[in-house]
Amino acid sequence: MANPIRILSSQLVNQIAAGEVVERPASIVKELIENSLDAGCGRVEIEVERGGIERLRVRDDGCGIPHDQLALALARHATSKVSDLSDLEAVGTLGFRGEALPSIASVSRLTLTSRTADHQPQAAAPTPGHGWEIAVGPDGRPEAPRPAPHPQGTTVDVRDLFFNTPARRKFLRTERTELGHLEQVVRRVALARPDVGLRLRHHGRILLDLPPSDGDEGRILARLDQLLGADFSAQSLLLEEEAVDLRLHGWVMRPAFSRGQADQQYFYVNGRMVRDKLMSHAVRQAFSDVLHHARHPVYVLFLELPTRLVDVNVHPAKQEVRFREARQVHDFVQRALQRRLARGALAGSGPVESEGQDRAGLAPPGVLARTRSSTPVRPSTLSLGVGEGSAGYAADLAFQRPTPEGRLPEEGADPGRRDTPPLGFALAQLDGIYLLAQTAEGLVIVDIHAAHERIGYERLKRAWKTGQVVRQPLLVPLTLTVSPHEAELSETQSEMLSGLGLVIDRIDAGTLVVREFPALLRSADLESLVRDLLADLAEQGRSERVEEAINAALSTMACHGAVRANRRLTLDEMNALLREMEGVERIDQCNHGRPTWIQVTRDELDRRFARGR
Ligand code: ADP
Ligand code: MG
């Protein structure tokens, strides 16, 4: 027989809510730091024992809670952050549900200590230097506040997590794992709020110590490096894009520094870290052209938009959001990123308006902010067997060599001398694979095949987009035996293939004849190219994504067209290649996401040889 219906005790209601909000120590720390940030703090200290299971304390120097409101702060559905529906439709704080403190208090032993600014009468501190402390009794009800020493701000002390809900305690992992999750929460906040000082201690040992940036660019970058690895700021592209109502800013690591796991991806919407499928999709799309699909980009991105355009009230732990204009936001993010990636580390291969920001010292040191205006970009004679000759280029070289120290001449010091171009001047070829060049900053090493591949790919894409893929008839048509499925694909996709410059006839179930091919690929091995293309198409299957299929095809074509290893290049050819690279979008990585060039700076060389010590 069914039990009678009853109204649950408030303690049980809070414990049920805690099921959603308080999963583990890390989720408590998240809620508490969010409260500190909402209180306008400048510093947060987090102290943890046994992974936060035994004890976890968060102290801030924020505005504090008036003495007469302490009990209220612990009550369910009590918040100072929203008061009516219109507030809820434009939430500007991290919290707003008024359930974190009561939920946490219902599954732990919690005390809340706080002191407001001394000039506020409500502070009513009994003695100077004291605030008020309130504990939650075993019945879940707040006890009467009593005076306690405390500087301005708030401390929440949480002990014995899940002591009264043993079933939930069983779901906790080892101390180490819980601590790992907790640290990750602090990192996320730290990336978004460099202006706030953060310190995390475990049994007194400092795990993270992050001073506030005070608006200092160098400190912001130092924090990024501390949290994401020493390379991060040096190998990242600074992003700053704006459209009506939308702004995307932050850092993306050059695609060549992608990872095998999606573990360094931070996306914030109005300062709130979210895991949003739509946004991940936009980012993935933006990277699709510069990264192999099995690799994961590294980024810290902030999307800002008016609060009325985003609903944050869709997830109990507030980890998801809903955009009112989802499509628009998606496309903005994708395009903004695409544009930035297209420009890559060599500023100037795109719009120059953000160059000022690039100069902040991100991306390969020195290279990116140089102007290339004085250096003519000429197509090399090599890539894909087309382009103008590079004759005449050598004659200019003498004037363009860097100074003997390898440094750039002072701006305007000698009008007859030109800047060193970003990728410098060729010195030699190594093993027929690498090109060595001297730049203003040191040494650049180029993977010749990878660079050609990207150049060819971008050129094919441009030709394809403008409908200018030039076809050339084969004097002797090429006959191929393929699988019936592939033969069928060559028929159903014949329009796309001819757009790519390939005219193929099917003469029986498994035989094809190639009659015309793209002039850009004069030097490619046509048979293996066509086989690879058909294999690509077979793999893409019934994919509706024509654009992706075409990009994959163009990428395969570029790979076939690119110079193979062990081809000897003259200095002129190498310099022409460097100049061409500087003019190509997305040149920092080949079509498979491998880097096309790396730089070893003079400073680094000096360090290695212990020079100047
Ligand atoms: P919410 O953050 O959704 O409002 P909480 O239960 O987390 O709900 O907190 C309840 C209220 O307690 C907040 O609205 C705020 O007024 C106050 N509060 C909590 N933590 C702090 C803090 N660290 N500093 C100042 N006020 C706080
Ligand atoms: Mg809160």
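The values are calculated or read from the model by the stated rules, or taken from the named source; none is laboratory data. What you see is a predicted model; the values in this text were computed from it and never measured. Reconstructed Cβ throughout: ideal geometry from the backbone, glycine too, with neighbour counts over all protein chains shown. For the accessible areas, the whole protein counts, side chains as well, though only heavy atoms, and no ligand, DNA or RNA atoms are used. Shrake-Rupley method; radii C 1.70, N 1.55, O 1.52, S 1.80 Å.
Would you please give the FRET efficiency between His281 and Asp209, computed as 1/(1 + (r/R0)^6) with r the Cβ-Cβ distance and R0 = 25 Å, to the nearest 0.05?
0.10
Given Ala71, Gly92, Ile28, which one lies farthest toward the positive end of the charge dipole of the stretch 10-210, if we put +1 on the Cβ of every Lys and Arg and -1 on the Cβ of every Asp and Glu?
Ile28
May I ask for the net charge around Thr596, where only other residues with Cβ less than 9 Å from the Cβ of Thr596 are counted and Lys, Arg are +1 while Asp, Glu are -1?
Taking every other residue near Thr596 into account, the sum is -1.
Under 14 Å from the Cβ of Val82, count the other residues' Cβ atoms, weight Lys and Arg +1, Asp and Glu -1, and hand me the total. If you can, show how the numbers build up before the last one.
Details: positive: Lys81, Arg97, Arg308, Lys318; negative: Asp38, Asp84, Asp87, Glu89, Glu99, Asp311.
Spelling it out: positives minus negatives among the neighbours equals -2.
Suppose every Lys and Arg Cβ carries +1 and every Asp and Glu Cβ carries -1, with no other charges. What dipole size does the stretch 186-293 come out with about its Cα centre, to the nearest 20 debye?
Details: 15 positive and 14 negative charges, 134 e Å.
About 640 debye.
Quick one: 3J(HN,Hα) in Hz for the stretch 602-610, Karplus 6.51/-1.76/1.60 with θ = phi - 60°, rounded, Gly and Pro as x.
4, 4, 5, 4, 4, 4, 5, 8, 6
Would you mind telling me the share, in percent, of accessible area of the stretch 1-106 contributed by carbon and sulfur at probe 1.4 angstrom?
Accessible surface attributable to carbon and sulfur in the stretch 1-106 totals 53 percent.
Explain nothing, just compute: Karplus ³J(HN,Hα) = 6.51 cos²θ - 1.76 cosθ + 1.60, θ = phi - 60°, for every residue of the stretch 223-228 in order, whole Hz, x for Gly and Pro.
These are the phi-based 3J(HN,Hα) values: 5, 4, 5, 5, 8, 10 Hz.
At R0 = 60 Å, how high is the FRET efficiency between Arg169 and Arg567 if r is their beta carbon distance? Nearest 0.05 is fine.
The calculated FRET efficiency here is 0.35.
Residues of the stretch 229-346: accessible area per residue at 1.4 Å, in Å²?
Values: 4870 Å² over 118 residues.
Counting only protein heavy atoms, the per-residue value for the stretch 229-346 is 41 Å².
Per residue, what accessible area does the stretch 4-74 have, given a 1.4 Å probe and all protein chains present, in Å²? It would help to have the intermediate numbers written out before the result.
Values: 3110 Å² over 71 residues.
Accessible surface, normalised per residue, equals 44 Å².
Which FRET efficiency value, to the nearest 0.05, do you get for Ala509 and Ala148 by plugging their Cβ-Cβ distance into 1/(1 + (r/R0)^6) with R0 = 60 Å? Intermediate results must be reported in sequence, preceding the final value.
On the way: r = 87 Å, r/R0 = 1.45.
Here the calculated transfer efficiency is 0.10.
Under a 1.4 Å probe, what is the accessible area of the stretch 436-529 per residue, stated in Å²?
That works out to 44 Å² per residue.
Quote the convex hull volume per residue of the stretch 229-346, based on C-alpha atoms, as a whole number of Å³.
So the per-residue hull volume is 103 Å³.
What number results when the radius of gyration of the stretch 10-210, computed over Cα atoms, is divided by 2.2 N^0.38 Å?
Dividing the Cα Rg of the stretch 10-210 by 2.2 N^0.38 Å gives 0.98.
What is the sum of charges, Lys and Arg at +1 and Asp and Glu at -1, for the other residues whose Cβ falls under 13 Å from the Cβ of Gly271?
+1
Quantify, in whole percent, the carbon and sulfur part of the accessible surface of the stretch 229-346 (1.4 Å probe; protein heavy atoms only). Before the final figure, lay out each step's value.
Details: 2210 of 4870 Å².
So the carbon and sulfur contribution to the accessible surface is 45 percent.
Leaving ligands, DNA and RNA out of it, report the carbon-plus-sulfur percent of the accessible area of the stretch 431-520 at a 1.4 Å probe.
54 percent
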